[in-house]
1. Roughly how many percent of the accessible protein surface of the chain is carbon and sulfur, given a 1.4 Å probe and a whole-percent answer?
2. Going by accessible area, probe 1.4 Å, with all protein chains left in place, what is the ranking of ILE64, ILE11, ILE44, largest first?
3. Would you kindly find the accessible area of LEU50, with a 1.4 Å probe and non-protein molecules such as ligands, DNA and RNA excluded, rounding to the nearest 10 Å²?
4. What does DSSP give for the chain in terms of the percent of beta bridges that are antiparallel, rounded to the nearest 5?
5. Order the following by accessible area, largest value first: VAL62, VAL24. Probe radius 1.4 Å; ligands, DNA and RNA are ignored.
6. Where the only charges are on Cβ atoms (+1 Lys, Arg; -1 Asp, Glu), what is the dipole of the chain about its Cα centre, to the nearest 20 debye?
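The values are calculated or read from the model by the stated rules, or taken from the named source; none is laboratory data. It should be emphasised that the depicted structure is a prediction, and the values quoted were computed from it without experimental measurement. Don't worry about glycine lacking a Cβ; one is built from the backbone with ideal geometry, like all the others, and counts go over all protein chains shown. The accessibility values were calculated without ligands, DNA or RNA, using every heavy atom of the protein model including side chains. Shrake-Rupley method; radii C 1.70, N 1.55, O 1.52, S 1.80 Å.
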Amino acid sequence: MSGRTTTDVAIVAPATQIVFARFVTIDLAAAMTGFTPGAIRTKIAKSVWLEGRQWVKRDGRVLIDMKGYEAWALGTDAER
C-alpha cells in the first residue's frame, strides 16, 4: 500500500423545482399523470379528452389543461 486513503465522494445533482402551470405540454403531462404521451394523444384522437376542456391548441401545439384533466380524473367533468 502507498499509505493513501480513498474518500467516497457523492455527486448530487441540483434539485429541480417544478412550479404548477395550468397548461403543460403532452410530455410534461405524461410525467405528471403517469399516462404515456401516446396514451394522451389517443385520448385526444378518440375524443375522450375534449378540446377546450382537457386540452387546447395554441401556436400549433397541444397543451393539456391540468384543471380539465383533474376534473376528468375525478369524474366531475360532466358533459355540457
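1. Carbon plus sulfur share of accessible area: 54 percent.
2. Details: ILE64 0, ILE11 160, ILE44 30 Å².
Of ILE64, ILE11, ILE44, the descending order of accessible area is ILE11, ILE44, ILE64.
3. Roughly 50 Å² of LEU50 is accessible to a 1.4 Å probe.
4. 90
5. From most accessible down to least: VAL62, VAL24.
6. Once rounded to the nearest 20, the dipole reads 200 debye.
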